[in-house]
Amino acid sequence: MDILSSLEPIVRELIAPAAAHTDSQAVYPRQALQALGSQGLLGLISAADVGGMGAGLPEAVQVVERIAQDCPCTAMVLTMHYCGVALIEPFAAEDTRRAIAQGRHITTLAVSETGSRSHIWAPTGTAAAQGPSAVLLNAHKSMITSAGEADSYVWISRASTGEGNTLWLVDSRLPGLQIPARFDGMGLRGNASSPIIAQDVAVPLSCRLGEDGRGEDVKARYLMPYFPTLIATTSVGLMQGVLRRALQHVAHTRFAENGSGLADLPTIRAYLAKAQLKADQARLLRDDAVQAVLAGRPDAKTRLLQCKAAAAEAALEVSDTAMRVCGGAAFRKDLGIERLFRDARAASVMAPTTDVIYDLLGKALCEAAA
Ligand SMILES: Cc1cc2nc3c(=O)[nH]c(=O)nc-3n(C[C@H](O)[C@H](O)[C@H](O)COP(=O)(O)OP(=O)(O)OC[C@H]3O[C@@H](n4cnc5c(N)ncnc54)[C@H](O)[C@@H]3O)c2cc1C
């Protein structure tokens, strides 16, 4: 499936030229999403029987990585869309699935809350039974990409009865949903990552994604392959983009004093070599995570968490190096480096945060050694 050939013109002609404006004006990348939809790329992982492309994780990785080289903001919006689709596909009604496949419906993940913060496995939002066929959702979601822009939210709440969590497909136009503040972030500024308040939002039981109280199992099965991998991929693409820009600057910048260039400085070359190594290590770990998922390897979960942490942390270092080797010029907007530097900050604090991942992985190591 040659997905990249239909994606490339959209990136070159629309996404890359709009990226600085998307950032400076905090504009949601609506036009880019419409163009992606027109090429079937919003329905990339939707099943063929509803009109989707029937692709999976490797193709989603390709698309997100390419877009992130020029606009990590658009790549993150698409990441959250694909993550939502991964949960919608097994459970939702055919008309919603078909609208996604046809590029008419954008979704996102509404998980993080002001109460549970980055501990996304412990939501405080509730789903109270309202008669035999509906629930009332109440929650204060903290930062939701595409808030007020997406057509639906894949929403997590506490179970409506008993223990555990439950996932819902929530129509973003339902009464009782409010966006109290516009997103004005440091990076990924076009993401519309605003809070969402739900006050007695009536949702039909038919919009439940999986069994009541089994949200963590549903996420582990359907979301886990996509979520860490695609956030990691946004970082992987971002690193390629920031290194490409830094190398262009270094290769073409000269000192009038003697005609030598930045590229003649061994320190600058060493910084670049180390940054490329970091970026490649993260990409290879991400590739191995994808292989682990496809092969059903027992280490798949570990690899998925590792690749998200490794890529997020590498992006912090690599974008920092790009700022350093380009000197004061990198402070200017025109190189595009400071935008990617700011965008790179998000992934490490997006749940599961790097520090939460370190704790999970470290705990598993210690338990295995005990
Ligand atoms: C740009 C952006 C877009 C986002 N989009 C979405 C979205 O679409 N959907 C969504 O649901 N959420 C989204 N989020 C929210 C995100 O997933 C996190 O939940 C949120 O950023 C965590 O912020 P917080 O202030 O609540 O962190 P806190 O939980 O307060 O964490 C603060 C610090 O403590 C550390 N910490 C917390 N718990 C532990 C622990 N157990 N062990 C070690 N360290 C710990 C964290 O790593 C962090 O460094 C987005 C966030 C950003 C920045």
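The values are calculated or read from the model by the stated rules, or taken from the named source; none is laboratory data. None of these values were measured; they are calculated from a predicted model. Note: ideal-geometry Cβ built from the backbone for every residue, glycine included; neighbour counts use all protein chains shown.
Summary of values
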{"item": "Lone unmet requirement of (1) within 16 Å of the ligand (Cβ to nearest atom); (2) on the phi > 0 side of the Ramachandran plot for I156", "result": "(2)"}
{"item": "Index of the failed condition, L230 passing every other in (1) within 19 Å of M80 (Cα to Cα); (2) in contact with a His (Cβ under 9 Å, 6 or more places away or on another chain); (3) not aromatic (F, W, Y)", "result": "(2)"}
{"item": "Enumerated helices (runs of 4 or more DSSP H) restricted to region 279-370, each holding at least 1 residues that are surrounded by 19 or more Cβ atoms within 10 Å (Cβ to Cβ), touching a Gly at 6+ places or on another chain (Cβ under 9 Å) and aromatic (F, W, Y)", "result": "337-344"}
{"item": "Residue count, region 196-208 (criterion: within 15 Å of the ligand (Cβ to nearest atom) and either buried (at least 21 other Cβ atoms within 10 Å of the Cβ) or within 30 Å of R286 (Cα to Cα) (or both))", "result": "2"}
{"item": "Hey, A309 farther than 19 Å from A68 by Cα, assigned by TED's automatic domain parsing to the domain that holds A364 and of a type in the set (A, V, I, L, M) or not", "result": "no"}
{"item": "Single residue of region 209-233 satisfying the filter (within 16 Å of the ligand (Cβ to nearest atom) and not in a helix (DSSP H, G or I)) that is nearest to the chain's Cα centre (by Cα)", "result": "Y226"}
{"item": "Cross-chain or 6+ apart pairs with Cβ under 6 Å, region 344-370 first and at positive phi and assigned by TED's automatic domain parsing to the domain that holds P72, then within 6 Å of the ligand (Cβ to nearest atom) and not charged (D, E, K, R)", "result": "none"}
{"item": "Residues of region 178-194 that turn out to be surrounded by 22 or more Cβ atoms within 10 Å (Cβ to Cβ) and more than 10 Å from the ligand (Cβ to nearest atom), as a count", "result": "1"}
